[in-house]
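Asks: Let me give you the structure first, and then I'll get to my questions.
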Amino acid sequence: MSQLPGKATQGRSYDPDLFAPLFAIEDRHFWFRARNRVIGTVVRQTEPLMAPGYRVLEVGCGTGNVLRVLEQCCTRGTVVGMDLFAESLRCARGRTSCLLVQGDVQAPPFDTGFDLIGVFDLLEHMSGDAQVLSILHGLLAPEGRLLLTVPAHPSLWSYFDEVSHHCRRYRPDELEGKLSHAGYEVEYMTQYMAAILPWVWLRRAFAGLVDRTMGGDAARSADLALNELRVRPVMNEILVRLLSGEAWLLARRWRLPFGASLLAVARKTGRGKCSS
């Protein structure tokens, strides 16, 4: 859900024409607000563990919605945002003064280590996620940390994942295994977006049933997915309130037993066992 769903372009996971509409809703939409609160909480816990002058990289920084949170939390170091698309970086420039770099995670334009790398709802878009984790491992300084979020539970797969060009949703044990295999030690992993899990399941199950009944064409699926990202003020604020306590729980390293998304903090410990 890191990008608005759109029509696939050849060799791309996103439609660059939709960065501007995404930029317009992120500040208000409950999902992005809740995710930023959770990410900010975990980054503020991690930041004191790094020596002054540390380097932070967000891979797939998109429109800068999370990058500005990293900039606010990481005042003793340097924060860099990288994205594949120039269109998204133009939006990000309106939110942050961080260094912005256009680059591909599979061929990153860096040769020095980062102390913290953030990857927020990007890994599920990559067909070779094990290879990406290995590449990120190589970008980290010794004992550096990877902070990532991904959508949870294959059972929640829906039209939204298809329209968003997701390759998968993750089980907790699956994600932990892939991180371990790539040379990370998982320090903390939890599900989150717990309060909206029943709503997500019911909404997508019902909408998917209607979509199939109506013929299940791609245009209708795209409309359904876009509909989830519209901001409806009353419902939006109810969902913001429902999710507001999760950051407090994660700050105390609670492991929530269910949720629509996963968050992991993983430390670089070895060379990894695979690169593809």
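The values are calculated or read from the model by the stated rules, or taken from the named source; none is laboratory data. All values derive from a computational prediction rather than experimental measurement. Here Cβ is always computed from backbone atoms with ideal geometry, including for glycine, and neighbour counts include all displayed protein chains.
Asks: Quick one: in the stretch 159-210, of everything that is outside any helix (DSSP H, G or I) and polar (S, T, N, Q), which residue is surrounded by the fewest Cβ atoms within 10 Å (Cβ to Cβ)?
Replies: GLN191
Asks: Continuing with this model, one more query. Would you please list the contacts, defined by Cβ atoms under 6 Å and residues six or more apart or on different chains, that run from a residue in the stretch 96-114 that is without any contact (Cβ under 8 Å) to a residue 40 or more places away in the chain and more than 20 Å from ASP129 (Cβ to Cβ) to a residue that is part of a loop (DSSP other than H, G, I, E, B) and among the small types (Gly, Ala, Ser)?
Replies: THR96/GLY64; PRO109/GLY103
Asks: Something else now. Just the residues that are surrounded by fewer than 18 Cβ atoms within 10 Å (Cβ to Cβ) and farther than 20 Å from ALA247 by Cβ, please, taken from the stretch 28-76.
Replies: ALA51, PRO52, GLY53, ARG76
Asks: Scanning the stretch 139-157 for residues that are over 17 Å from the mean Cα position of the chain (by Cα) and surrounded by fewer than 16 Cβ atoms within 10 Å (Cβ to Cβ), which turns out farthest from ILE39 (Cα to Cα)?
Replies: If we take residues in the stretch 139-157 being over 17 Å from the mean Cα position of the chain (by Cα) and surrounded by fewer than 16 Cβ atoms within 10 Å (Cβ to Cβ), then SER155 is farthest from ILE39 (Cα to Cα).
Asks: When only residues in the stretch 215-247 that are over 13 Å from HIS29 (Cα atoms) and touching a Pro at 6+ places or on another chain (Cβ under 8 Å) count, which is modelled with the highest pLDDT?
Replies: Among those residues, the one meeting the criterion is ALA222.
Asks: Let me ask you something else. From VAL43, VAL80, VAL101, grab the single residue that is touching a Pro at 6+ places or on another chain (Cβ under 8 Å), closer than 23 Å to PRO142 by Cβ and of a type in the set (A, V, I, L, M, F, W, C).
Replies: VAL101
Asks: Oh, and also: Could you give every pair whose Cβ atoms fall below 8 Å, whose first residue belongs to the stretch 27-45 and is more than 17 Å from THR190 (Cα to Cα), and whose second residue is among the basic types (Lys, Arg) and in a helix (DSSP H, G or I), counting only separations of at least 6 or pairs across chains?
Replies: Going by the 8 Å Cβ cut-off, the qualifying pairs are ASP27/ARG33.
Asks: Could you tell me whether any residue of the stretch 122-144 is under 18 Å from VAL265 (Cβ atoms), in contact with a helix residue (DSSP H, G or I) (Cβ under 7 Å, 6 or more places away or on another chain) and part of a strand (DSSP E or B)?
Replies: no
Asks: Here's something else I'd like to know. In the stretch 100-116, what count of residues is obtained for those that are under 18 Å from MET126 (Cβ atoms) and of a type in the set (Asp, Glu)?
Replies: Final tally of qualifying residues: 1.
Asks: Based on this model, can you work out whether THR112 counts as hydroxyl-bearing (Ser, Thr, Tyr) and surrounded by 14 or more Cβ atoms within 10 Å (Cβ to Cβ)?
Replies: No: the conditions fail for THR112.
Asks: Tell me, yes or no, whether the stretch 123-130 has at least one residue that is among the hydroxyl-bearing types (Ser, Thr, Tyr), surrounded by 15 or more Cβ atoms within 10 Å (Cβ to Cβ) and within 27 Å of LEU229 (Cα to Cα).
Replies: No, every residue in the stretch 123-130 fails to be among the hydroxyl-bearing types (Ser, Thr, Tyr), surrounded by 15 or more Cβ atoms within 10 Å (Cβ to Cβ) and within 27 Å of LEU229 (Cα to Cα).
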